[in-house]
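Every number in this text was worked out from the coordinates using simple rules, so none of it is lab data. Since the structure is predicted, the reported quantities are computational estimates derived from the model, not experimental observations. Cβ placement follows ideal geometry from the backbone for every residue including glycine, while neighbour counts extend to all protein chains displayed.
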Amino acid sequence: MPRRCALLLETRALVATLSAERDALASQNERLQHVLLKLKRRQFGQKSERLPEEQLLFAFKEIEATLAENAALADKASAALRNNQAKVRREGRGRLQAHLQREGSPARRTPPPSCRPPCQGPRATRRPGGPRR
C-alpha cells in the first residue's frame, strides 16, 4: 500500500509539472501570436478600413445617383439610336423610279388566270368540314 501511495504521489506531481509546462507554452504561444499580429499590422496596415455608417450611406446614395444618371443617358441614347436607324433604313430604300408604275401591295395582287393552279377553281372554295359536291 505505501508503494501505491508513492506511485500515486509521483503521478500527481508529474501531472502537475506537465500541466504547468502546458500553461507556460500556451501563454508563450499567445504572446507570440500577439507580437506577430503587431508586426503584420506594422507591415501591411490594418486588416480593413472601417467606415462610419454615415459615409457608407453617402457612398450608396452617390452610387444610386450615378446608376440613375447612367440609365437616363442610356434611355436617351437608345431613343436617338432607334430614330437614327429608322432614318437610315428609310433613306436606304430609295424612291421608285419615275417610269415604273405603282401597284397595290404584292399580297393583294391576284395572279393572271394562266398562272393559277387548277385547284383554284370553284370547287376549291369549299370550307373544310362542309358538304361535298
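Here are the numbers for this structure:
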| read-out | value |
| --- | --- |
| Pairwise label distance in nanometres, Glu69 with Glu30, each label 7 Å out on the Cα-Cβ vector | 5.3 nm |
| Histogram of C-alpha separations across the range 1-88, 10 Å bin width, % | 13, 14, 12, 13, 12, 11, 8, 7, 5, 3, 2, 0 |
| Aspartates and glutamates whose Cα lies under 17 Å from that of Lys38, excluding same-chain neighbours fewer than 8 positions away | Glu30, Glu49 |
